[in-house]
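Visitor: Have a look at this one.
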Amino acid sequence: MDPVRNPYAPGAGQRPPELAGRDRELQQFEVVLERVARGRPERSMVLTGLRGVGKTVLLNTFKSMAMQRLWGTGKIEARPDQSIRRPVAAALHMAIRELAPRHRAPERIEEFLGVLKAFAMRDPAAAKGTSHWSPGIDVPASRGRADSGDLEIDLTELFVDAAGVATDLGVGIALFIDEMQDVQAPDISALCAACHELSQSGGPLIVVGAGLPHLPSVLSASKSYSERLFRYARIDRLDRDAADLALIAPAEREDVEFTPDALDALYEAADGYPYFVQAYGKVAWDLAPRSPITVDDIKVSAPEAEEELAVGFFGSRYERATPAERDYMHAMAQLGDDPVPTAEVADVLGRKPSSLSPARDSLIKKGLIYSAERGVIGFTVPHFGRFLRAQPL
Ligand SMILES: Nc1ncnc2c1ncn2[C@@H]1O[C@H](COP(=O)(O)OP(=O)(O)OP(=O)(O)O)[C@@H](O)[C@H]1O
Ligand SMILES: [Mg+2]
């Protein structure tokens, strides 16, 4: 059928034509926004889940919800090799720019921007002259606030001031952090401390995160009280009804239908994983001659969809691994698809567990595997074991 009208959207962070099966999380976030705006005590939300389950898309939807309530919003994507100071400064700059036109006291905004600039300029990379980034704020940097160089103190002061500006307008500020498991350990700890401080003062600023399944353990290793700061929402595969809705609703808007056995076949292939739902749906649409899309169309299109996934979704990640890391993952794959004890992986390879730690640690750093529990390791990418077992060694 006409590829131009194809509604499906496989791709990292691509907004799906229908956000299926996330009503509970959306409702929870509505409540969070409402309570925080009223100064009520409330835990913020952190989304966790495997690759391709729709964390980024949901985080972006949360951002739109906050914007609809006229909140100031900003977003960062954490990187393992980078301090969050500059990205957070840029994100809060965005948030304040959203609020500024509605604020009646321009000097309050200028005052905050001066603090924000001082905060940003405390970046260690900037001090060493290795960074030429300037915040693009044309007020002079102020002194004596959020510029101590201690990220915990500085973030706390910055958050309190930002929340103050939002309070003037009766709204809040939401800072979104994607790939939050990649925030460096000292920064995670500073961030939790700043959120903790803020939650005590009831300031309307929240940090909303998304990351891989081990993010809760990263946070609690950093601060024992992190469980009281965040409500963890595990984002998972879509159940059958939601997966069907994700396919049917967009098609219906283009007057296209699926036969029931086509939907059976699609659910079997995609296994409810949102990325796969979009990928199989997209190819089936293109190859089907007409509506309704039948089970035969699915059979014909499956190899092409699998080929695209093998290259784009699995292959691109596999390429990032070194030969030793690949051996490690192949050994994991031999043990099945669920998380496995690291000791068993060592057995498969006939090696001492300790000699494998470097490969394991760098795979974790690359976001290919995760350890949510001590001594147990799993793939972050759904169906990755299956993909590896089909690969020649
Ligand atoms: N609720 C949903 N219904 C239908 N499709 C969805 C849903 N959520 C996400 N998708 C689709 O799934 C794909 C992956 O989404 P997204 O990039 O948000 O996943 P992710 O969890 O952030 O993955 P990663 O860990 O790789 O960053 C996108 O193509 C998106 O359109
Ligand atoms: Mg993502």
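Visitor: Among 195, 224, 172, flag the residue with its Cα farthest along the positive direction of the charge dipole of the range 115-245, charges on Cβ as +1 for Lys/Arg and -1 for Asp/Glu.
Guide: Among 195, 224, 172, the one farthest towards the positive end of the dipole of the range 115-245 is 224.
Visitor: Still on this model: Spelling out what I want: for every residue of the range 174-180, take phi, set θ = phi - 60°, compute 6.51 cos²θ - 1.76 cosθ + 1.60 (Karplus), and round to whole Hz; glycine and proline get x.
Guide: So the Karplus estimates, Gly and Pro as x, are 10, 10, 9, 10, 8, 6, 5 Hz.
Visitor: Which loop-located trypsin sites (Lys or Arg not before Pro) does the range 207-298 contain, where loop means any DSSP state but H, G, I, E or B and the Cβ has at most 15 other Cβ atoms within 10 Å?
Guide: Values: sites: 223, 228, 231, 234, 237, 240, 253, 282, 290; in loops: 223, 237, 253, 290.
Answer in residue order: 253, 290.
Visitor: How do the peptides 154-161, 195-202 rank, highest first, by the average count of neighbouring beta carbon atoms within 10 Å per residue? Present the calculation step by step, with values, prior to reporting the outcome.
Guide: Working: 154-161: 22.6, 195-202: 16.8.
The densest-packed peptide leads the list: 154-161, 195-202.
Visitor: Further question on the same structure: What number comes out for the charge environment of residue 56, summing +1 per Lys or Arg and -1 per Asp or Glu over other residues with Cβ under 9 Å away? Mind dumping the intermediate values first?
Guide: Values: positive: 55; negative: 77, 178, 179.
Every neighbour counted, the sum reads -2.
Visitor: Students often get this wrong, so check it: of 75/117; 55/366; 117/223; 223/365, which have C-alpha atoms separated by over 22 Å?
Guide: Numbers: 75/117 18 Å; 55/366 18 Å; 117/223 28 Å; 223/365 20 Å.
Correct reply: 117/223.
Visitor: Among residues other than residue 373 whose Cβ falls under 15 Å from its Cβ, what is the net charge (Lys/Arg +1, Asp/Glu -1)?
Guide: Details: positive: 234, 360, 374; negative: 338, 344.
Charge balance near residue 373 sits at +1.
Visitor: So, how do all the Cα-to-Cα distances of the range 41-84 break down into 5 Å bins, in percent, from 0 on up?
Guide: P(r) over the range 41-84, rounded to whole percents: 5, 16, 20, 26, 20, 10, 2.
Visitor: Same structure again: Mind putting a number on the dipole of the chain about its Cα centre? Charges go on the C-beta only, +1 for Lys and Arg and -1 for Asp and Glu, and I need it in Debye to the nearest 20. Working shown, then result.
Guide: Values: 46 positive and 56 negative charges, 272 e Å.
Around 1300 debye, computed over the chain.
Visitor: On the first, second and third principal axes, largest extent first, how far apart are the outermost C-alpha atoms of the range 187-336 in Å?
Guide: Its Cα atoms span 60, 44, 22 Å along the three principal axes.
Visitor: Sequence gap at least 6, Cα distance under 8 Å: using those rules, report the relative contact order of the range 338-393 to the nearest whole percent.
Guide: RCO, the range 338-393: 36 percent.
Visitor: Given the DSSP H assignment, sum -39500 (n - 2.57) over each helix run of at least 4 residues in the chain and divide by its residue total; what's the result at 222 nm in deg cm²/dmol, nearest 500?
Guide: On the way: 17 runs with 198 residues, N = 393.
One gets -15500 deg cm²/dmol as the mean residue ellipticity at 222 nm.
Visitor: Please get the size of the charge dipole for the range 105-262, origin at its Cα centre, with Cβ charges of +1 on Lys and Arg and -1 on Asp and Glu, quoted in debye to the nearest 20. Don't skip to the end; give the middle numbers.
Guide: Details: 13 positive and 27 negative charges, 147 e Å.
Here the size comes out at about 700 debye.
Visitor: Which Cα, out of 148, 105, 118, lies furthest along the positive dipole direction of the range 37-173 (beta carbon charges, K/R +1, D/E -1)?
Guide: The residue sitting farthest along the positive end of the dipole is 105.
Visitor: For residue 146, what charge total do you get from the other residues with a beta carbon under 9 Å from its beta carbon, if Lys and Arg give +1 and Asp and Glu give -1?
Guide: Numbers: positive: 122, 145; negative: 147, 154, 157, 161.
Net local charge, residue 146 excluded: -2.
Visitor: Give me the dipole magnitude in Debye, nearest 20, for the range 1-44 about the Cα centre, with unit charges on the beta carbon: positive for Lys and Arg, negative for Asp and Glu.
Guide: Details: 8 positive and 7 negative charges, 44 e Å.
Charge dipole, the range 1-44, about its Cα centre: 220 debye, nearest 20.
Visitor: List the relative contact order of the chain as a percent without decimals, with contacts defined as Cα pairs under 8 Å and 6+ residues apart.
Guide: 20
Visitor: Same structure, new question: Translational diffusion coefficient of the chain at 25 °C, 0.890 mPa s, Stokes-Einstein with Kirkwood Rh over Cα pairs, in µm²/s as a whole number. Spell out each step's value before the answer.
Guide: Values: Rh = 22.9 Å.
My calculation gives 107 µm²/s for D.
FYI, it's all coordinate maths here, none of it is from the lab. Remember, predicted model here, so these are calculated numbers, not experimental data. Cβ atoms come from the backbone with ideal geometry, glycine included; neighbour counts cover every protein chain shown.
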